[in-house]
């Protein structure tokens, strides 16, 4: 599910779980372990996806089969992955190589920089449209990135936007012409930061990211039980089952 490539001191962790890099228990676990390994084995990380798709978000068909205990374990692992990314001691760039809705967009919030491929791709937090709530660490990370008013508009509507609009909103930092160029731009960004005086760069980076890492300091940062209550509510279950049915019909 992952392809690991070292570009000198920069490690690329590419999600490769066909067809859409859906975030199920196995991929989330693998990503967490790969990020932790990179933190000690590399000097910077690029997190990338497949051509045309970064990640379509949570693996809803699989997660709908889990009971409350198993879903609780998954949500803890997913929240833990976001914390791992946020606390990475080395520069971390997201190479958004295509569509990146919901959970795919969430991961990007905790990286240092987001570079997205131009094209007919969409990115955003569309959880409202599928009946889900966002925990505090997610909506506060989005506020940190784009500001309170823009975050409110994006979250409440569940809007998905194209690359140019995403850049204008501050949801992504830069654009590249295609997926390969996107990965290369992310590698270049990392290498440029590694060329800076290392102690000054690391110290200033850590200071500027304190508002992000602090989101995980509270024991109820993930709003764990509140998320589970919404997940297993009649409204959310019906909405997600209808979504899965529609996707099967399209397939």
Next item on the list: Filter segment 3-28 down to residues that are in contact with a helix residue (DSSP H, G or I) (Cβ under 8 Å, 6 or more places away or on another chain), over 16 Å from residue 50 (Cα atoms) and surrounded by fewer than 17 Cβ atoms within 10 Å (Cβ to Cβ), then give me how many there are.
Entry: 2
Notebook entry, point to check: What's the number of the condition residue 55 fails, among (1) assigned to a loop (DSSP other than H, G, I, E, B); (2) at pLDDT 95 or above; (3) surrounded by fewer than 23 Cβ atoms within 10 Å (Cβ to Cβ); (4) in contact with a helix residue (DSSP H, G or I) (Cβ under 8 Å, 6 or more places away or on another chain)?
Noted result: (3)
Margin query: Any residue that is within 18 Å of the chain's Cα centre (by Cα) and either within 29 Å of residue 76 (Cβ to Cβ) or in a loop (DSSP other than H, G, I, E, B) (or both) - is there at least one of those in segment 236-250?
Written below: no
Notebook entry, point to check: For the subset of segment 189-207 comprising residues that are closer than 12 Å to residue 44 by Cα and touching a residue at least 40 places away in the same chain (Cβ under 8 Å), which member is surrounded by the most Cβ atoms within 10 Å (Cβ to Cβ)?
Noted result: 190
Note to self: Quick test for you: out of 96, 138, pick the one residue that is buried (at least 23 other Cβ atoms within 10 Å of the Cβ) and over 24 Å from residue 181 (Cβ atoms).
What the structure shows: 138
Notebook entry, point to check: Being in a strand (DSSP E or B) and farther than 29 Å from residue 143 by Cβ, is that true of even one residue in segment 82-95?
Noted result: no
Notebook entry, point to check: Do we find that residue 210 is within 19 Å of the chain's Cα centre (by Cα), at pLDDT 90 or above and exposed (fewer than 14 other Cβ atoms within 10 Å of the Cβ) in this structure?
Noted result: yes
Check: Given the conditions (1) more than 19 Å from the chain's Cα centre (by Cα); (2) surrounded by fewer than 16 Cβ atoms within 10 Å (Cβ to Cβ); (3) under 22 Å from residue 44 (Cβ atoms), and given that residue 226 satisfies all but one, which numbered condition is not satisfied?
Finding: (3)
Next item on the list: Please state which one of 88, 133, 116 is under 19 Å from residue 164 (Cα atoms) and either crowded, with 24+ Cβ neighbours inside 10 Å or touching a helix residue (DSSP H, G or I) at 6+ places or on another chain (Cβ under 8 Å) (or both).
Entry: 116
Notebook entry, point to check: Of the conditions (1) exposed (fewer than 15 other Cβ atoms within 10 Å of the Cβ); (2) free of Cβ contacts under 8 Å to residues at least 40 places away in the same chain; (3) farther than 24 Å from residue 158 by Cβ, residue 68 fails just one. Which one is it?
Noted result: (2)
Margin query: Looking for something in contact with a strand residue (DSSP E or B) (Cβ under 7 Å, 6 or more places away or on another chain) and assigned to a strand (DSSP E or B) - is there at least one such residue anywhere in segment 23-43?
Written below: yes
Check: Residue check, residue 155 against (1) in contact with a helix residue (DSSP H, G or I) (Cβ under 8 Å, 6 or more places away or on another chain); (2) more than 27 Å from residue 238 (Cβ to Cβ); (3) not in a loop (DSSP other than H, G, I, E, B), all met but one. Which one?
Finding: (2)
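The values are calculated or read from the model by the stated rules, or taken from the named source; none is laboratory data. Note that the coordinates shown come from a computational prediction; the quantities given were computed from them, not determined experimentally. Note that we place each Cβ from the backbone using ideal geometry, even for glycine, and neighbour counts take in every protein chain shown.
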